[in-house]
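Enquirer: Have a look at the structure that comes next, please.
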Amino acid sequence: MDESDPEASRQAAELAAGAEECLPEGGLAEKLRTARREGRPLRVKLGIDPTAPDIHLGHVVVLDKLRAFQDAGHVVVLIVGDYTARVGDPSGRSSTRPVLSGKEIDANAHTFQEQAYRVLDPDPAKVEVRRNGEWLDMRVDDLFALARTTTVAQLLERDDFAKRFGAREPISVLELLYPLLQGYDSVAVRADVELGGTDQKFNLLLGRDVQRAYGLPEQVALTMPILPGTDGVQRMSKSLGNYVGVTEPPDEIYGKTLSVPDDAMAAWYRLLLRTGPDPELGPRDAKRALARALVARFHGADAATAAEERFDRIHVEREAPEEIEEATFAGDDGAVHLPGVLEEAFGLSRSEGRRLIAQGGVRLDGEAVTDADVPADRLDGAVLQVGKRRFRRLRRAS
RNA sequence: GGGGGGAUGUCCGAGUGGUUAAAGGAGACGCGCUGUAAACGCGUUGGCACUGCCUACGCAGGUUCGAAUCCUGCUCCCCCCA
């Protein structure tokens with residue numbers, strides 16, 4: 001390899017820091033040299049799925065890396081997978097995912113972009129947003145040409161395909177086509193680098209084959225480690241419900257972070273803060289510091305301090321928070337049936353409310369309620385609490 | 001074209017005529033404990049002003065004193081052979 005440009009090698013090492021893999025070996029430095037020679041920035045691609053627009057911390061790991069490329073003067077190409085989404089999810093075993101309308105995709109793409117810009121530099125010179133419908137809405141001849149670039153055996157090498165094929169589980173033809181379509185995106189936008197989680201490794205590498213088939217230079221595939229979700233085991237994902245969204249309020253980000261099992265804490269530190277925990281701190285304080293740092297990142301330092309204070313007040317001191325949302329209840333001067341109030345205030349079903357009362361999970365001004373019927377006088381102005389973290393101040397409806 | 005298998009509660013999954021609102025697990029929720037919305041233990045987990053009633057096992061009918069379980073038709077899914 002050409003070592004005449006140590007600057008490129010240095011920048012490549014810096015950009016690949018924290019990545020799981022950066023393939024091929026030396027490819028990134030080579031790309032940087034080429035780009036410099038041609039006097040242009042690298043085009044760094046990320047594909048996004050417009051069916052689940054909310055960005056969570058798992059995305060942030062990849063977006064942070066994109067940001068690093070931007071800061072080094074390169075251009076990020078976000079590809080909204082509108083066309084692939086319109087086709088619908090082919091694997092839908094139990095229920096077919098509803099095919100999104102153009103309007104929904106627009107709305108989702110907009111939301112995604114807005115949230116992604118909390119991490120990315122929104123400077124139009126540094127980010128380009130494209131829809132793959134621009135080029136995937138192709139003629140059948142062109143689709144045939146694309147399909148010819150790859151064999152079924154190649155596609156079946158992908159781990160999850162291989163497993164499903166081995167287990168005699170269904171794989172639709174459309175699913176097999178997905179990696180090709182994604183690869184064609186790289187052709188269309190002339191990607192120099194494509195990012196993704198480690199689960200994307202196959203697709204990113206196949207993109208190289210597709211590019212080569214179209215006579216284009218092959219992209220570098222850069223994969224980032226997968227962030228475990230709040231359960232500490234499975235990858236963070238919206239559908240698994242173990243995610244922390246970047247637009248969530250400070251208290252949610254703080255609390256959810258504290259609920260992460262200790263085992264996963266090191267991964268969160270490494271992937272989200274790019275440091276380790278302070279070795280002076282015990283696990284509890286290390287996790288609190290992590291939670292503060294994450295809230296501060298998306299809401300500012302003051303919000304982080306405030307979120308911690310509220311958390312301590314509710315969970316450590318077991319007191320009601322200072323500010324409580326109000327809820328009204330209808331009642332004359334007699335007894336009020338509490339399950340109805342719970343339904344009104346928290347959206348619980350009445351049966352659920354009854355159960356909670358029976359289990360001592362409902363409190364009025366800190367005292368457990370034992371009877372489903374409560375005098376109206378006792379409710380007005382009182383704090384109604386369900387479990388540890390749901391509070392409402394009651395007001396009689398006038 | 002032929003043959004076989006399947007659709008059960010939020011999810012996975014047992015149940016093949018009678019204490020079955022439906023085993024078990026996961027998830028969720030509550031209580032206790034605590035270092036926290038962690039871990040662990042216990043409990044709850046269709047709806048309804050609830051010692052009762054209503055609605056539920058793909059959809060629509062039927063048989064029966066009685067059906068998730070049997071029959072008929074329909075819809076959808078999977079596998080094998082060609």
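The values are calculated or read from the model by the stated rules, or taken from the named source; none is laboratory data. Since the structure is predicted, the reported quantities are computational estimates derived from the model, not experimental observations. Positions of Cβ are backbone-derived with ideal geometry, glycine not excepted, and every protein chain shown enters the neighbour counts.
Enquirer: Looking for whichever is at pLDDT 85 or above, away from RNA strand B (no atom under 11 Å from the Cβ) and in contact with a strand residue (DSSP E or B) (Cβ under 9 Å, 6 or more places away or on another chain) here; the options are A:382, A:306. Which one fits?
Expert: A:382
Enquirer: Name every residue in the stretch A:29-71 that is part of a helix (DSSP H, G or I) and acidic (Asp, Glu), in order of residue number.
Expert: The answer is A:30, A:38, A:64, A:71.
Enquirer: Name the residues in the stretch A:385-396 that are away from RNA strand B (no atom under 16 Å from the Cβ) and under 17 Å from residue A:335 (Cα atoms), would you?
Expert: Result: A:395, single match.
Enquirer: Would it be correct to say that residue A:297 is charged (D, E, K, R), more than 13 Å from RNA strand B (Cβ to nearest atom), without any contact (Cβ under 8 Å) to a residue 60 or more places away in the chain and buried (at least 17 other Cβ atoms within 10 Å of the Cβ)? Talk me through it step by step, then tell me what you get.
Expert: On the way: charged (D, E, K, R): yes; more than 13 Å from RNA strand B (Cβ to nearest atom): yes; without any contact (Cβ under 8 Å) to a residue 60 or more places away in the chain: yes; buried (at least 17 other Cβ atoms within 10 Å of the Cβ): yes.
It is true that residue A:297 is charged (D, E, K, R), more than 13 Å from RNA strand B (Cβ to nearest atom), without any contact (Cβ under 8 Å) to a residue 60 or more places away in the chain and buried (at least 17 other Cβ atoms within 10 Å of the Cβ).
Enquirer: Next up: Hey, can you tell me all the residues within the stretch A:363-379 that are buried (at least 18 other Cβ atoms within 10 Å of the Cβ) and either within 38 Å of the chain's Cα centre (by Cα) or at pLDDT 90 or above (or both)?
Expert: A:363
Enquirer: A further question on this structure: Select from the stretch A:277-292 the residues that are small (Gly, Ala, Ser) and out of contact with any helix residue (DSSP H, G or I) (no Cβ under 7 Å at 6 or more places or on another chain) and write down the one among them that is farthest from RNA strand B (Cβ to nearest atom).
Expert: Filtering the stretch A:277-292 for residues that are small (Gly, Ala, Ser) and out of contact with any helix residue (DSSP H, G or I) (no Cβ under 7 Å at 6 or more places or on another chain), the one farthest from RNA strand B (Cβ to nearest atom) comes out as A:289.
Enquirer: Here are some residues: A:51, A:84, A:111. Which one is crowded, with 22+ Cβ neighbours inside 10 Å, at pLDDT below 90 and of a type in the set (Val, Ile, Thr)? Spell out how you get there, then give the answer.
Expert: Details: A:51 fails: crowded, with 22+ Cβ neighbours inside 10 Å; A:111 fails: crowded, with 22+ Cβ neighbours inside 10 Å.
Within the list A:51, A:84, A:111, the selection yields A:84.
Residues are listed down the side, and each one gets a yes or a no for (1) within 11 Å of RNA strand B (Cβ to nearest atom); (2) not in a strand (DSSP E or B):
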| residue | (1), (2) |
| --- | --- |
| A:318 | yes, yes |
| A:324 | no, yes |
| A:336 | yes, no |
| A:398 | no, yes |
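Enquirer: Do you know which residues across the stretch A:338-362 are without any contact (Cβ under 8 Å) to a residue 40 or more places away in the chain, buried (at least 18 other Cβ atoms within 10 Å of the Cβ) and either within 7 Å of RNA strand B (Cβ to nearest atom) or in a helix (DSSP H, G or I) (or both)?
Expert: Once the filter is applied, which keeps residues that are without any contact (Cβ under 8 Å) to a residue 40 or more places away in the chain, buried (at least 18 other Cβ atoms within 10 Å of the Cβ) and either within 7 Å of RNA strand B (Cβ to nearest atom) or in a helix (DSSP H, G or I) (or both), the stretch A:338-362 yields A:338, A:339, A:353, A:356, A:357.
Enquirer: Exactly one of (1) over 20 Å from residue A:69 (Cα atoms); (2) out of contact with any Gly (no Cβ under 9 Å at 6 or more places or on another chain); (3) assigned by TED's automatic domain parsing to the domain that holds residue A:146 is unmet by residue A:232. Its number?
Expert: Just one mismatch for residue A:232, condition (3).
Enquirer: Residue by residue through the stretch A:204-263, note down the ones that are without any contact (Cβ under 8 Å) to a residue 40 or more places away in the chain, assigned to a loop (DSSP other than H, G, I, E, B), crowded, with 21+ Cβ neighbours inside 10 Å and of a type outside the set (A, V, I, L, M).
Expert: Those that are without any contact (Cβ under 8 Å) to a residue 40 or more places away in the chain, assigned to a loop (DSSP other than H, G, I, E, B), crowded, with 21+ Cβ neighbours inside 10 Å and of a type outside the set (A, V, I, L, M): A:230, A:242.
Enquirer: Kindly evaluate residue A:226 against the criterion of being under 30 Å from residue A:290 (Cβ atoms), away from RNA strand B (no atom under 16 Å from the Cβ) and in contact with a helix residue (DSSP H, G or I) (Cβ under 9 Å, 6 or more places away or on another chain).
Expert: yes
Enquirer: Yes or no: residue A:18 within 20 Å of the chain's Cα centre (by Cα) and surrounded by fewer than 19 Cβ atoms within 10 Å (Cβ to Cβ)? If you could, list the steps in order and put the result at the bottom.
Expert: Values: within 20 Å of the chain's Cα centre (by Cα): yes; surrounded by fewer than 19 Cβ atoms within 10 Å (Cβ to Cβ): yes.
Yes; evaluated as a whole, the condition is true for this residue.
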